[in-house]
Amino acid sequence: MKEKTLRQTVTKKLPVFVFILFLLQPLMDMLSFWITELEVSNLPTLILRFGVLGLTLLAGFCISPRKWIYWVAAGIIAALTAGHVFALSQFGISDLFGDLTNLVRVLQLPLTTMCLITFLRENEKCYDAMKWGMVACLLLTLAVEVIATLTHTEPHTYFDGRGYIGWFNNTNSQSNNLCMLVPVAAVWTYEKKGWKSPLFWLSLVGGFTAMYFLGPRLSYLGIGATGVGLAASVLLIDKK
């Protein structure tokens with residue numbers, strides 16, 4: 001009975017959890033940036049990333065009717081970790097925190113995807129929460145790029161001063177993020193509010209501006225692909 005009550009409680013709170021989970025991603029990246037800038041230990045970021053991933057897995061395990069999938073994932077994690085430890089024993093450790101952070105990044109995508117599938121199956125409101133979470137991530141990213149530029153804390157994409165990346169370390173990752181966030185945010189806000197939505201125009205114009213000025217080729221070329229995808233998506237929405 002207690003397990004059923006816990007499952008119902010967690011399932012009810014899933015949309016809020018999913019929204020926060022998405023919003024935490026750029027926040028953790030910004031924290032990593034400032035820790036690197038201030039030359040402080042990466043331990044807080046590492047603990048936070050482990051904690052977020054662990055909490056996500058715990059929520060997915062609690063509500064999933066297919067718990068065997070999580071036990072299989074646990075076995076795979078154990079095997080990967082054992083292999084990782086063996087490799088470290090052979091080649092040595094040069095940066096423990098950096099190494100563990102990279103391990104979390106490798107595990108984060110498949111494990112988070114597995115949990116999101118569980119969340120979406122158990123509570124359909126998680127679809128809206130996920131989309132609004134991506135809109136919030138895009139707006140936060142754009143705001144950070146503007147603030148970083150105005151406050152002259154902008155690290156720039158390239159060493160010669162070109163490109164505006166904001167408080168983020170990895171230029172290619174930011175390019176990938178923008179290429180994914182812009183179409184989802186623009187189409188979702190258009191679908192909800194139509195052409196008159198300020199959020200739609202902010203997502204569209206702000207997103208494309210960031211993709212143009214960010215610098216890396218990936219985000220620049222992504223403007224064409226995203227533009228075609230947006231046009232097709234808007235036409236499909238109108239037709240529907």
Might you work out the accessible area of I47 for me, using a 1.4 Å probe with all protein chains in place, and round it to the nearest 10 Å²? 100
Using label points projected 7 Å from each Cα along Cα→Cβ, tell me how many nm separate L27 and D160, to one decimal. 3.9
Selected from I93, H152, F119, residue furthest toward positive end of dipole (the chain; charges at beta carbon): F119
Using each residue's phi in region 123-132, evaluate 6.51 cos²θ - 1.76 cosθ + 1.60 at θ = phi - 60° and report the 3J(HN,Hα) Karplus result to the nearest Hz, with x for Gly and Pro. 8, 5, 5, 5, 4, 5, 4, 5, 5, 5
Find how many whole Å separate the alpha carbon centroid of region 133-164 from the alpha carbon centroid of region 39-97. 30
Keeping every protein chain present and rolling a 1.4 Å probe, give me the accessible area per residue for the chain in Å². 59
Suppose R0 equals 35 Å. What FRET efficiency, 1/(1 + (r/R0)^6) with r the Cβ-Cβ distance, do E37 and I77 give to the nearest 0.05? 0.65
Mean separation of Cα contacts under 8 Å (6+ apart) over length of region 137-240, as relative contact order %: 27
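Report the extension gain between L150 and V104 in nm, rounded to one decimal, defined as 0.36 nm multiplied by the number of residues separating them, less their alpha carbon distance. Walk me through the numbers on the way to the answer.
On the way: separation 46, 0.36 × 46 = 16.56 nm, distance 3.30 nm.
So the chain would gain 13.3 nm between L150 and V104.
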Counting each DSSP H run of 4 or more residues in the chain as -39500 (n - 2.57), what helix-only mean residue ellipticity at 222 nm follows after dividing by all residues, to the nearest 500 deg cm²/dmol? -29000 deg cm²/dmol
With every protein chain present, what accessible area does M130 have (1.4 Å probe, heavy atoms only), rounded to the nearest 10 Å²? 40
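Quote the relative contact order of the chain in percent (integer), defining contacts as alpha-carbon pairs under 8 Å separated by 6+ residues. Kindly include the intermediate steps, with their values, before the conclusion.
Numbers: 231 pairs, mean separation 50.7, N = 240.
RCO, the chain: 21 percent.
Could you work out how much longer the chain between L120 and V234 gets when fully extended? Use 0.36 nm per residue separation minus the Cα distance between them, nm to one decimal.
Values: separation 114, 0.36 × 114 = 41.04 nm, distance 2.39 nm.
Extra length available between L120 and V234 comes to 38.6 nm.
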Enumerate the amide H contacts of G163 below 5 Å, restricted to partners 5 or more residues apart or on another chain; note that Pro and chain-start residues carry no placed amide H. T157
In a Gaussian network model of the chain with springs linking alpha carbons closer than 10 Å, the residue among L221, L204, L116 that fluctuates most is L221
Cα extents of the chain along the three principal axes, largest first, in whole Å? 48, 48, 28
State the percentage of accessible surface on region 94-197 attributable to carbon and sulfur atoms; use a 1.4 Å probe and exclude ligands, DNA and RNA. 60
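Longer than 20 Å from Cα to Cα, which of K131/K192; K13/K192; K12/K131; K12/K125; K125/K193; K13/K125 are they? Say none if no pair is. Don't jump to the answer; show the numbers that get you there.
Working: K131/K192 11 Å; K13/K192 23 Å; K12/K131 18 Å; K12/K125 9 Å; K125/K193 18 Å; K13/K125 10 Å.
Those over the limit are K13/K192.
Using 0.36 nm per residue of separation minus the Cα-Cα distance, give me the extension gain between R217 and E191 in nm, one decimal. Could the numbers behind the result be given before it?
Numbers: separation 26, 0.36 × 26 = 9.36 nm, distance 2.96 nm.
Additional length available on full extension: 6.4 nm.
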Scalar couplings 3J(HN,Hα) for region 5-11 by Karplus 6.51 cos²θ - 1.76 cosθ + 1.60 (θ = phi - 60°), nearest whole Hz, x for Gly and Pro, are 5, 4, 4, 5, 5, 5, 4
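The values are calculated or read from the model by the stated rules, or taken from the named source; none is laboratory data. None of these values were measured; they are calculated from a predicted model. Glycine also receives a Cβ, built like all others from the backbone with ideal geometry; neighbour counts cover every protein chain displayed. Side chains included, ligands, DNA and RNA excluded: accessible areas come from the protein's heavy atoms. Shrake-Rupley method; radii C 1.70, N 1.55, O 1.52, S 1.80 Å.
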